[in-house]
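Q: One structure, as structure tokens, below. Some questions next.
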Amino acid sequence: MLKINIYRYNPEEDKFPYMKKYEIEKPQKDIMVLDLLHLLKESDSSLSFRRSCREGVCGSDGMNINGKNGLACITALSEVLKGDRIDIRPLPGLPVIRDLVVDMTQFYNQYEKIKPFLQNDTSPPEQERLQSPADRDKLDGLYECILCACCSTSCPSFWWNPDKFVGPAALLQAYRFLADTRDLEKDSRLDDLADPFSVYRCHGIMNCVAACPKGLNPNKAIGEIKTMLLKGKNSKNIIASDGVTA
Amino acid sequence: MGLICNWNFHGDVYMKGSTIWHLQRWSSIFILAYVVYVVSFIISFSPILYSDWMIFVSSYIFKIATSIVFISILVHAFLGLWTIGTDYLTPRTLGFLNLALSRIADTSRLLYNIFFTVLGLFLYLFLLFLIWI
């Protein structure tokens, strides 16, 4: 038998959250954690969780599985089982709306703060703003983020200061635009991150790297932003808008 | 001073993050250099005699180096403690334990910052008294 403990909380009925125990027959073949949740929902329709694409693209089923954040749809049961037991909790640090569903407002507020869009007020060319293949390569490992929040919610600095520390997911995206040769607002982007909390509250413990289900490295991006901030504006490591390193 | 850093009502430091980064790294480099300076003296004069030690600690180089390095220790320690305070003595973090604690979090952090600032200044004055007077 498979022993499953799931964090349950319905604010309309429960005074406090609790862990509910379930037991089901161990599946014959290896299934994903999301499939397991669907099996449980067949017997307990009150169980709430987010899901959408079920193939690790939409990022909606981020949760804490046996102590590690990950996407339920691409986490195989065999990867996370401890004996016959599995504990599933919502993403840590964010307010719980119900069961495994968390309120992502703080996470999205930080994402909004870094202005996640290309800023270039020059007149656009007829077709598109071109980049050299080498400049385009600088965006690899940055643009692939699906904003599942597994990294930010595994970061203690984000738990303690979610209103001040931007968090690994948003900082990865901040560097995605700082590294983009078509973006012309590098100085103002760096100004927005210069305070003691936004970037520098990262102490490099690399929980974000361990948690990222897409295998990205927010810690490396944060290191690059810190280097840019330490060297100051218009320094050599800031990539000039024409695509040539200044 | 306001150009370099500011303090708010709760005694929190508001400097540029890069300024704090530099202060922490440079202060630790000074502390390391001082440790190397003292340890190399102890090793080179080993087995060390009381008279050797007295000559060493009476020298102006030692007194000036100690006075400067102690400032580095204070800066390094204060920034570390300030980081801990802004992580754990906040309405959010204390609110996880108890809502009443959450309401006094900012005052607690102010007292925490004042306590360690006064303690640091007291220790520095005590050190100056020990080595110069």
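The values are calculated or read from the model by the stated rules, or taken from the named source; none is laboratory data. Owing to the predicted nature of the structure, the values given are computational and were not obtained by experimental measurement. Here the Cβ is made from the backbone with ideal geometry for all residues, glycine too, and neighbour counts use every protein chain on show.
Q: Please work out if residue B:102 is of a type in the set (Ser, Thr, Tyr), more than 30 Å from residue A:225 (Cα to Cα), modelled with pLDDT under 95 and surrounded by 14 or more Cβ atoms within 10 Å (Cβ to Cβ).
A: Yes; evaluated as a whole, the condition is true for this residue.
Q: Restricting to region A:197-219, name every residue that is over 15 Å from residue A:165 (Cβ atoms), without any contact (Cβ under 8 Å) to a residue 60 or more places away in the chain and not β-branched (Val, Ile, Thr).
A: Correct list: A:206, A:215.
Q: Same structure again: Just checking: which of the helices (runs of 4 or more DSSP H) contained wholly in region A:1-114 hold 3 or more residues that are at pLDDT 95 or above and over 15 Å from the mean Cα position of the chain (by Cα)?
A: Answer list for region A:1-114: A:33-43.
Q: Looking only at region B:90-109, filter to residues that are among the small types (Gly, Ala, Ser) and within 12 Å of chain A (Cβ to nearest Cβ); which one of those is nearest to the chain's Cα centre (by Cα)?
A: Step one: of region B:90-109, the residues among the small types (Gly, Ala, Ser) are B:95, B:100, B:102, B:105, B:108.
If we keep only those that are within 12 Å of chain A (Cβ to nearest Cβ) too, we end up with B:95, B:105.
Working: B:95: 29, B:105: 23 Å.
For region B:90-109, the residue satisfying everything is B:105.
Q: Go through the residues of region B:74-96 one by one and say whether even a single one is small (Gly, Ala, Ser), out of contact with any Pro (no Cβ under 6 Å at 6 or more places or on another chain) and farther than 30 Å from residue A:95 by Cα.
A: So in region B:74-96, the residues small (Gly, Ala, Ser) come out as B:77, B:80, B:85, B:95.
Narrowing the set further to residues that are out of contact with any Pro (no Cβ under 6 Å at 6 or more places or on another chain) leaves B:77, B:80, B:85, B:95.
From what is left, the residues that are farther than 30 Å from residue A:95 by Cα are B:77.
Yes, some residue in region B:74-96 is small (Gly, Ala, Ser), out of contact with any Pro (no Cβ under 6 Å at 6 or more places or on another chain) and farther than 30 Å from residue A:95 by Cα.
Q: Suppose we filter B:19, B:66, B:86 for residues that are touching an Asp or Glu at 6+ places or on another chain (Cβ under 7 Å), part of a helix (DSSP H, G or I), at negative phi and surrounded by 12 or more Cβ atoms within 10 Å (Cβ to Cβ); which single one remains?
A: Working: B:19 fails: touching an Asp or Glu at 6+ places or on another chain (Cβ under 7 Å); B:66 fails: touching an Asp or Glu at 6+ places or on another chain (Cβ under 7 Å).
Just a single option satisfies the conditions, and that option is B:86.
Q: Search region B:22-59 for residues being assigned to a loop (DSSP other than H, G, I, E, B) and among the aliphatic types (A, V, I, L, M), and hand back the single one that is nearest to the other protein chains (Cβ to nearest Cβ).
A: B:48
Q: Which one is farthest from residue A:220 (Cα to Cα), of the residues in region A:156-177 that are among the hydrophobic types (A, V, I, L, M, F, W, C) and touching a residue at least 60 places away in the same chain (Cβ under 8 Å)?
A: Taking the candidates together, the pick is A:159.
Here's the yes/no breakdown for (1) touching a Lys or Arg at 6+ places or on another chain (Cβ under 9 Å); (2) closer than 30 Å to residue B:96 by Cα; (3) aliphatic (A, V, I, L, M); (4) surrounded by fewer than 16 Cβ atoms within 10 Å (Cβ to Cβ):
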{"position": "A:11", "(1), (2), (3), (4)": "yes, yes, no, yes"}
{"position": "A:22", "(1), (2), (3), (4)": "yes, yes, no, no"}
{"position": "A:26", "(1), (2), (3), (4)": "no, no, no, yes"}
{"position": "A:30", "(1), (2), (3), (4)": "no, no, no, yes"}
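Q: To continue, here is another question. Given (1) surrounded by fewer than 19 Cβ atoms within 10 Å (Cβ to Cβ); (2) closer than 30 Å to residue A:13 by Cα; (3) more than 14 Å from chain B (Cβ to nearest Cβ), where does residue A:99 come up short, assuming only one miss?
A: Unmet condition: (1).
Q: Among the residues of region A:179-210, count how many are of a type in the set (A, V, I, L, M, F, W, C) and within 14 Å of another protein chain (Cβ to nearest Cβ).
A: 7
Q: Another question, if that's okay. Any residue at all in region B:25-40 that is at pLDDT 95 or above and under 28 Å from residue A:162 (Cβ atoms)?
A: The answer is yes, given that some residue of region B:25-40 is at pLDDT 95 or above and under 28 Å from residue A:162 (Cβ atoms).
Q: Collect the residues in region A:145-178 that are aliphatic (A, V, I, L, M) and away from chain B (no Cβ under 14 Å), keeping them in residue-number order. It would help to see each step written out before you state the result.
A: Residues of region A:145-178 aliphatic (A, V, I, L, M): A:146-147, A:149, A:166, A:169-172, A:174, A:178.
Within region A:145-178, A:146, A:147, A:149, A:169, A:170, A:172, A:178 qualify.
Q: Any residue in region A:89-105 that is under 30 Å from residue A:161 (Cβ atoms) and of a type in the set (Lys, Arg)? So that I can check it myself, show each step before the final result.
A: Here is the first cut: in region A:89-105, the residues under 30 Å from residue A:161 (Cβ atoms) are A:89-105.
Restricting the remaining residues to those that are of a type in the set (Lys, Arg) gives A:89, A:98.
Within region A:89-105, one or more residues are under 30 Å from residue A:161 (Cβ atoms) and of a type in the set (Lys, Arg).
Q: Given (1) more than 30 Å from residue A:20 (Cα to Cα); (2) exposed (fewer than 13 other Cβ atoms within 10 Å of the Cβ), where does residue A:109 come up short, assuming only one miss?
A: (2)
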